[in-house]
Amino acid sequence: MADSIRDKHEPVYLISVAARLCDMHPQTLRMYERMGLIRPKRINRKNRLYSEADIERLRQIQRLTRDLGVNLAGVEIILDLLDRVEKLQQEIETLHAQMEQMVQERVEQVLAERQTLPARIVREL
């Protein structure tokens, strides 16, 4: 990753900046943190720093509550389900990569075994 590209989980925004980016009051962000909907990084047990991923999550909460009329209990359930889906997708991608590697290794093994077969048998294959 290039130095100029920041990790989306790197905490960089103070609460006032995060609130402004999401068009929310800082107290709303504090309430979401108390509810466990968002988990900003704590500096010196007092200051909160929000990452780009946190900003995305806050905007998602905003869409659910303002645009779709979902209450905060529903938001909590939806976000939990979305988190689970994301973890499952990551697991599937990992398993897929492992299966591709296993298939490639098996193909290479079969090709190597084929080269050791007598010429007569190879012609029949």
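The values are calculated or read from the model by the stated rules, or taken from the named source; none is laboratory data. Being a predicted model, the structure only gives us computed values, none of them experimental. Cβ sites come from the backbone with ideal geometry, for glycine too, and all protein chains shown count toward neighbours.
Applying the set (1) surrounded by 13 or more Cβ atoms within 10 Å (Cβ to Cβ); (2) over 14 Å from the mean Cα position of the chain (by Cα) to Asp54 leaves exactly one unmet item: (2).
Rundown of residues vs (1) assigned by TED's automatic domain parsing to the domain that holds Arg20; (2) at pLDDT 95 or above; (3) more than 21 Å from Gln27 (Cβ to Cβ); (4) not charged (D, E, K, R), yes/no style:
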| site | (1), (2), (3), (4) |
| --- | --- |
| Arg48 | yes, no, no, no |
| Glu56 | yes, yes, no, no |
| Arg59 | yes, yes, no, no |
| Ile92 | no, yes, yes, yes |
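Taking region 72-85, which residues are under 18 Å from Arg34 (Cβ atoms) and surrounded by 10 or more Cβ atoms within 10 Å (Cβ to Cβ)? Within region 72-85, Leu72, Gly74, Val75, Glu76, Ile77, Leu79, Asp80 meet the criteria. Scanning region 2-51 for residues that are within 23 Å of Leu64 (Cβ to Cβ) and basic (Lys, Arg) yields Lys8, Arg20, Arg30, Arg34, Arg39, Arg48.
The selection criterion, being in contact with a Cys (Cβ under 7 Å, 6 or more places away or on another chain), modelled with pLDDT of 95 or more and surrounded by fewer than 16 Cβ atoms within 10 Å (Cβ to Cβ), does not hold for Arg63.
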